[in-house]
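The values are calculated or read from the model by the stated rules, or taken from the named source; none is laboratory data. These figures come from a predicted structure and were not determined experimentally. Ideal geometry is used to build each Cβ from the backbone, glycine not excepted, and the neighbour counts take in all protein chains shown. Just the protein is used for accessible areas: all its heavy atoms, side chains included, with ligands, DNA and RNA removed. Shrake-Rupley method; radii C 1.70, N 1.55, O 1.52, S 1.80 Å.
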Amino acid sequence: MRKVVKFGGSSLASAEQFKKVGRIIQADESRCYVVPSAPGKRNSSDTKVTDMLYSCYGAAIREKDFVKQLEEIRRRYVDIIEGLGLNLSLDKEFEIIRHNFGKKIGRSYAASRGEYLNGLIMAAYLGFQFVDAAEVVRFREDGSFDAETTNELLSARLDGMENAVVPGFYGTKEDGTIVTFSRGGSDITGSLVSLAVGADLYENWTDVSGFLVADPRIVPNPKSIETITYHELRELSYMGASVLHEDAIFPVRKAGIPINIRNTNAPEDKGTLIVESTCRQPKYTITGIAGTDGFVSVTVEKAMMNSEIGFCRKVLSVFEDNDISIEHMPSGIDTMTIFVHKDKFEEKEQKVIAGIHKAVDPDHIELESDLALIAIVGRGMRATRGTAGRIFSALAHANINVKMIDQGSSELNIIVGVHHADFKSAIRALYDIFVVTQL
């Protein structure tokens, strides 16, 4: 068996955390390939190294003295090296970074150095070979990720390597220009390495014991999810669940490689297993609840709308022309309602309203803001009658008015819209009826 293990920033924030990681890797010889993030926060008042690098490079761009900030970053790494008792110097690397910052080489380059330097320390600490992601993760000239070339480069480079450290988060264009994934992109690198080496399991180590049924900032001590499918994960991630970067599932899904979310600070916990499909019955009817607020609904009313060919297309084209993406679109005989992100819609609302009037000559347009969308997701919903009824019952009992309900044809998720003021109360009510009481 071969495993790829990725460790997040909080797992590598200090020498003590590095030692925990070392014990985890050494406890299982099948953990052959390691993908480290940059050092995260050591405590709540601390600053992530990636943010320190962004700030330092910002000073360089503004022609300000950035050397003192760079020295603070170097000190973070020296503390880790000394705490691990390693005979390793990063002075040469920091001199190169100082030179490149002075040349204003690029913000992505600056951000990538956090993972790069942590990768050097990790390789030295474990005695593994270091493989620079710049050599094996490829982006196209337009900045888009090149999955095919990356897999070829990674597969060839790691072929025959029993152990390796590949820093996460970044890669390069053909000309050597550094490009980064979006924040949390080390998760993606872990998936890419898993695909390239044909791993049996991709372990993603973080500071929580897997996915939770609901946000712990809203629901006290929510239950954990033992097994979740890729499809369920995508639904929950899109609606705000953020334990794993949502794009990290695509490389491993293609190869049928499961992902195991584990807790560095509680390695005895089994965590959450993410799989393509499973015959395991979920513990509850639902797998998870996730939501996000900051939405606006645009309701278009017109008598006999349903008999007017192309009506919906014409309305939607107005949003497309204004570069506004649509989240949901419930409709009736004489009405259609479009849910959009408030921050994208506000600055163009009058253009959109005018465009709709011009396109379909509606009887009335009504806007409602400060709305939230909540997703109730679960493969167990397909075989359970009355799920929607239980949702309405729970929300009604909590005196919450439902503004919208939408169920996908896959019967995997139900989306409800509520007022922003009811957002947290709605999630608690749904958690209570599906998990606590299980009525």
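Please report, to one decimal in angstroms, the Kirkwood hydrodynamic radius of region 189-253 built from all distinct Cα-Cα pairs. Mind showing how you got there, number by number?
Working: mean 1/r = 0.0775 Å⁻¹.
12.9 Å is the Kirkwood radius here.
If each DSSP helix of 4+ residues adds -39,500 (n - 2.57) and the sum is divided by the residues in the chain, what number results at 222 nm, nearest 500 deg cm²/dmol?
Numbers: 15 runs with 166 residues, N = 439.
Result for the chain, helices only: -11500 deg cm²/dmol.
Suppose R0 equals 25 Å. What FRET efficiency, 1/(1 + (r/R0)^6) with r the Cβ-Cβ distance, do residue 401 and residue 436 give to the nearest 0.05?
Efficiency, rounded to the nearest 0.05: 0.65.
May I ask you to order 343-354, 209-220, 282-293 by the average number of other C-beta atoms within 10 Å around their residues, highest value first? Write down the numbers at each step before the final one.
Working: 343-354: 14.2, 209-220: 18.0, 282-293: 22.4.
Taking the mean over residues of other Cβ atoms within 10 Å, the ranking is 282-293, 209-220, 343-354.
Multiply the residue separation of residue 141 and residue 309 by 0.36 nm, subtract the distance between their alpha-carbon atoms, and state the gained length in nm to one decimal.
On the way: separation 168, 0.36 × 168 = 60.48 nm, distance 4.23 nm.
Extra length from residue 141 to residue 309 when fully extended: 56.2 nm.
List the pair-distance distribution P(r) of the chain, using every Cα-Cα distance, as the percent of pairs falling in each 10 Å bin from 0 up to the bin containing the longest distance, rounded to whole percents.
P(r) for the chain, in whole percents per bin: 4, 19, 24, 24, 18, 9, 2, 0.
Under a plain spin-label model, where a point goes 7 Å from the Cα along Cα-to-Cβ, how far apart in nm are residue 350 and residue 103?
Computed distance between label sites residue 350 and residue 103 equals 4.9 nm.
Name the helices (complete DSSP H segments) of the chain with a Cα length along the long axis of 24 Å or more and a Kyte-Doolittle mean of at least 0.0, or state none. Could the numbers behind the result be given before it?
On the way: long enough: 67-84 (26 Å, -0.39); 107-126 (30 Å, 0.14).
Span-like helices, by this rule, are 107-126.
Could you give the length gained by full extension between residue 1 and residue 392, i.e. 0.36 nm per residue of separation minus their alpha carbon distance, to one decimal place?
136.1 nm
Taking a threshold of 18 Å on the Cα-Cα distance, which of the pairs 403/424; 92/173; 342/403; 302/358 fall above it? Can you show the working numbers first?
On the way: 403/424 15 Å; 92/173 24 Å; 342/403 16 Å; 302/358 13 Å.
Distance filter (> 18 Å) returns 92/173.
Which translational diffusion coefficient, to the nearest whole µm²/s, is obtained for region 220-356 from the Stokes-Einstein equation, given a Kirkwood hydrodynamic radius over C-alpha pairs, 37 °C and 0.692 mPa s? If you can, show how the numbers build up before the last one.
On the way: Rh = 18.2 Å.
My calculation gives 180 µm²/s for D.
Taking just the C-alpha trace of region 1-155, give me its Rg and Dmax in Å.
16.2, 51
Per-residue accessible area for residue 296 at 1.4 Å probe radius, Å² rounded to 10?
It works out to around 10 Å².
Testing the spin-label approximation: label points 7 Å from Cα along Cα→Cβ at residue 23 and residue 87. State their distance in nm.
Label at residue 23, label at residue 87, 2.7 nm between them.
So how do 159, 247 rank on accessible area, 1.4 Å probe, biggest first, that is with the largest at the start? Mind dumping the intermediate values first?
Numbers: 159 125, 247 65 Å².
From most exposed to least exposed: 159, 247.
May I ask you to derive the FRET efficiency for residue 276 and residue 63 from their Cβ-Cβ distance with R0 = 51 Å, giving the value to the nearest 0.05? Can you show the working numbers first?
On the way: r = 52 Å, r/R0 = 1.01.
It comes out at approximately 0.50.
Per residue, how much accessible area does the chain show when a 1.4 Å probe rolls over the protein heavy atoms, in square angstrom? It would help to have the intermediate numbers written out before the result.
Values: 20360 Å² over 439 residues.
Per-residue accessible area for the chain comes out at 46 Å².
Just to verify a number: what accessible area does residue 92 come out at with the full protein assembly present, 1.4 Å probe, Å² rounded to tens?
About 150 Å², rounded to the nearest 10.
Provide the three semi-axes, in whole Å and in decreasing order, of the ellipsoid equivalent to region 58-129 as defined by the square roots of 5 times the Cα gyration tensor eigenvalues.
Numbers: eigenvalues 120, 33, 15 Å².
Result for region 58-129: semi-axes of 25, 13, 9 Å.
Between residue 47 and residue 218, what length comes free when the chain is fully extended (0.36 nm per residue of separation minus the Cα-Cα distance, one decimal in nm)? Don't skip to the answer; put the middle values down first.
Numbers: separation 171, 0.36 × 171 = 61.56 nm, distance 2.48 nm.
Here the answer is 59.1 nm.
Using a 1.4 Å probe on the protein heavy atoms, what percent of the accessible area of region 78-149 belongs to carbon and sulfur? The partial results should precede the final answer.
Working: 1530 of 3360 Å².
Here it works out to 46 percent.
Compute the FRET efficiency between residue 382 and residue 79 as 1/(1 + (r/R0)^6), taking r as their Cβ-Cβ distance and R0 = 41 Å, and round to the nearest 0.05. Spell out each step's value before the answer.
Numbers: r = 52 Å, r/R0 = 1.27.
According to the calculation, E is roughly 0.20.
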